[in-house]
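Engineer: Dumping the structure here so I can ask a few things about it.
The values are calculated or read from the model by the stated rules, or taken from the named source; none is laboratory data. Just so it is clear, the model here is predicted, and its values are computed rather than measured. Ideal geometry is used to build each Cβ from the backbone, glycine not excepted, and the neighbour counts take in all protein chains shown.
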Amino acid sequence: MLTAVLLHFCGLALIRRTPRKKIMANKTIYVDIICPKCAEKARFHSELVGDYKLYPDKNGKVSCTNCGFNSNHAFSNKDYFYKVQVADRTLYAQTLEKLIALRDYFKNYEQDKGHHSPDTDFPKTFYSNKEDIVKKINFILEKEKHWPPR
């Protein structure tokens, strides 16, 4: 019998049909994080793990090209480099590309409303503040264009 497996990418969920058995994940996931040493952008990477729902292992490695930090690291939400405060919630993006995808999702939500499934749903707070989310993400993207300083 097949069961649906939920994979989370950029805050949007994707469904994949797989046989009902333990999934052996041999995929590495990358997340842009705040470097624990210099507070600049670094890269966290770990394996995807899980039985029926795949998710990044919280234990992985972090590498920073700014200060050279390279070590094992236990990931937590406070580590995300790309995050947007939305009322009393926080929207996280793993990478710059996924941040752009989130911005486009909220920017085009009204036009595409009928094409979204419940699996790609966000908290109501995000939808009621979608213009603010787009504005904040655009601000982050503007800062990103000017990095690194010349």
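Engineer: Filter region 46-99 for residues that are hydrophobic (A, V, I, L, M, F, W, C), over 30 Å from Glu131 (Cβ atoms) and out of contact with any Lys or Arg (no Cβ under 6 Å at 6 or more places or on another chain) and give the result.
Structural biologist: To start, the set of residues in region 46-99 that are hydrophobic (A, V, I, L, M, F, W, C) comprises 48-49, 54, 62, 64, 67, 69, 74-75, 81, 84, 86-87, 91, 93, 96, 99.
So of that shortlist, the ones also over 30 Å from Glu131 (Cβ atoms) come out as 48-49, 54, 62, 64, 67, 69, 74-75.
Across region 46-99, the qualifying residues are Val49, Leu54, Val62, Cys64.
Engineer: Only one of Asp51, Asp79, Asp32 is acidic (Asp, Glu) and at pLDDT below 95; which?
Structural biologist: Asp51
Engineer: Of all residues being exposed (fewer than 15 other Cβ atoms within 10 Å of the Cβ) and at pLDDT 90 or above in region 136-145, which is nearest to Lys107 (Cα to Cα)? Just the residue, please.
Structural biologist: So the residue we want is Asn138.
Engineer: Which one of Asp121, Asp104, Asp112 is surrounded by fewer than 13 Cβ atoms within 10 Å (Cβ to Cβ), closer than 15 Å to Tyr92 by Cα and either at pLDDT 90 or above or not hydrophobic (A, V, I, L, M, F, W, C) (or both)?
Structural biologist: After ruling out the rest, the residue left standing is Asp121.
Engineer: Test Phe9 against the criterion of being at pLDDT below 65 and under 25 Å from Ala101 (Cα atoms), and give yes or no.
Structural biologist: Yes; evaluated as a whole, the condition is true for this residue.
Engineer: While we're looking at this one, here's another question. Looking only at region 63-101, count every residue that is more than 23 Å from Lys145 (Cβ to Cβ), of a type outside the set (Gly, Ala, Ser) and more than 16 Å from the chain's Cα centre (by Cα) and tell me the total.
Structural biologist: Final tally of qualifying residues: 5.
Engineer: Among the residues of region 67-98, how many are surrounded by 15 or more Cβ atoms within 10 Å (Cβ to Cβ) and either of a type in the set (S, T, N, Q) or free of Cβ contacts under 8 Å to residues at least 60 places away in the same chain (or both)?
Structural biologist: 12
Engineer: Now for a different question. Does Phe44 qualify as being under 18 Å from Thr28 (Cβ atoms), at pLDDT 90 or above and among the hydrophobic types (A, V, I, L, M, F, W, C)?
Structural biologist: In short, yes.
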